[in-house]
1. Going by how many other beta carbons lie within 10 Å of each one, how would you line up T181, T324, T148, fewest first?
2. Please give the peptides 7-20, 68-81 ranked by average Cβ packing (other Cβ atoms within 10 Å per residue), highest first, as a rough proxy for protection.
3. Exposure proxy check: W139, W317 ranked by fewest other beta carbons within 10 Å?
4. Output the pairs from K385/K453; K373/K456; K18/K488 with a Cα-Cα distance over 30 Å in this structure; if there are none, say none.
5. What is the set of long-range amide H partners of G131 at a cut-off below 5 Å, with H atoms built 1.01 Å from backbone N?
6. Starting from the Cα-Cα distance between Q249 and I13, subtract it from 0.36 nm times their residue separation and give me the gain in nm to one decimal.
7. For segment 110-243, what class follows from the C-alpha gyration tensor (a ≥ b ≥ c being the square roots of its eigenvalues): rounded when a/c is under 1.5, otherwise prolate if a/b is larger than b/c, else oblate?
8. Is the C-alpha gyration tensor of segment 5-247 telling us rounded, prolate or oblate? Criteria: a/c under 1.5 is rounded; beyond that, a/b larger than b/c is prolate, otherwise oblate.
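Bear in mind that the values in this text are calculations on the coordinates, not laboratory data. As the structure is a computational prediction, the values presented were derived from the model and not from experiment. Virtual Cβ from ideal backbone geometry, glycine too; neighbours counted across all protein chains shown.
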Amino acid sequence: MTFLPIVERELRIRARMKSTYRFRLFAAISAIALVGLLLVLSQSLQAAGKFGGVIFGILAGLSFAYCLLDGARNTADCLSEEKRSGTLGLLFLTDLRPYDVVLGKLMATSLNSFYGLLAIFPPLAIPLVIGGVTVGEFWRLVLVLMNTLFFSVSIGLAVSSACRDERRAWMGTVGVLSVFTVVPPLLLLNPAWASSWPAAFSPTTAFLNIFDDAYSVSADRYWNSMWIVQALSWGMLVAAMFILPRSWQDRPQAATNSWWSRLTARIAPRTQPDDFAARSAFLDGNPVVWLAARGGTRQTLLLTIIGVTAMVVATAWLLTSGATSVTLVLFGVMLLVHLTLSVSVASEACHMFAGARDSGAMELLLCTPMTAKEVVEGHVLGLRKMFYKPVAGLVAIEGVLVAGQVYVMGSDGTPLGVCLLAVLLAGLCIMAVVMDLTAVARFGLWQGLVHRKPAKAITRTVVWVLLLPLIPVLCSFGFLFPLIWPLKNLVFINYAREQLRRQFRGAVTERYGWVEETEFIGEPSRHAKANVLPPVRPR
């Protein structure tokens, strides 16, 4: 038998795929374009001798974020998807070993990520020619990036081997990755813990010590972090090989008596329409709302996060007597909570149509007298019902914080015009981040409908709606942020609404070999008007 047959097969397949070469080319062109943009925008730092150092720092941070997130994105659901489809058991009926399957999946899911990382190394070396960056800093960054990507991929494989549900696999991967990348670096803030072993259990610790200023002080901290992260990565792979053959079988679902299930059972009646009158109201109006708003216990975690955030914000603001610098930091924390809420809405929206399409519920809905517009608006209203309480609570906290800060500013003798300007800017920012929720909901529904995998739909929604619009801020247009952000949301909302209006039925029926073309949502196609069957497209 061939050694590592799945790995050999995946390498042969990837070598023949055009996407392999296109991804490397796209990664290299993107890195070169980013370097060129930074060269244009950073000319003011040339006299200060920071020209190359600033560009290298920005590129290093973006590359580190890419390695940290892209590996987990590719592997978080790779093995759990095989469990749900029932194909993993067929592999274990052959002579394949667990390491064959795990390493094969590692190669299949992460090869393009490693190719993309190799493609951006030459643009990363451009600051070496400009000056302000040493050769040691460059090569230490290269080692950290490769180590971080391997670490991220290994965590995704380990969590995916133990999970069957897609959302649990994603949440587990993000949770484990967050613990290892956020908690150990916090120990560096305390001098007593800075030289301890727990502080080295993170790729972030190694990344913070790639520059000569930090490396010359504590070179051992850099190398210890590198070796520990490498050992953790191989440990995750071994754990995946051990867990996978013991977790792929279907097991009966057992009742749980955990404290979390008891808590959600108490909260669930208050967050979903369980009484007969509420159900009747939904069914008489738009039954899709009831269908989409089921399982309101998903609000529980968000409400808990918002409650803890409210207590932390109130305590910090009261202890500092409303200091301006502390208030700005607190608003930054609230924006991070808004980002978490937006990602949660995007995840829910992308799973709605994708799950209904895979289960066949979407075709059943279209067989009813309901129009496609009612189906789409029912899902939008269901999302609104599921998330309006967390959003209302978060906006209320921010409103109280703005009112308290304006009161403190007025007491300190700040002019009335400045106070009104602060209220206006804060109000525009709050309105913009609330509009983010509508934008990711609409755009996520469209992406979940046209993409087979919800993970790809979530990634595209978050990148296009939340991350790419930050480029104007990086391009020295930060003062236009409160005006650009609402306009951006309106563009995405109208685009997704138009696509759902025109192509909803076509996207649903495309997998059956034909597409029903409609000019307006709910209007019969030209084939239906002519009472003939639509043509079958060759697949």
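1. Ranking T181, T324, T148 by Cβ neighbours within 10 Å, fewest first, gives T324, T181, T148.
2. In descending order of packing, they fall as 68-81, 7-20.
3. With the fewest neighbours first, W139, W317 line up as W139, W317.
4. K18/K488
5. none
6. 82.1 nm
7. oblate
8. It is oblate, given that a/c is not under 1.5 and a/b is not larger than b/c.
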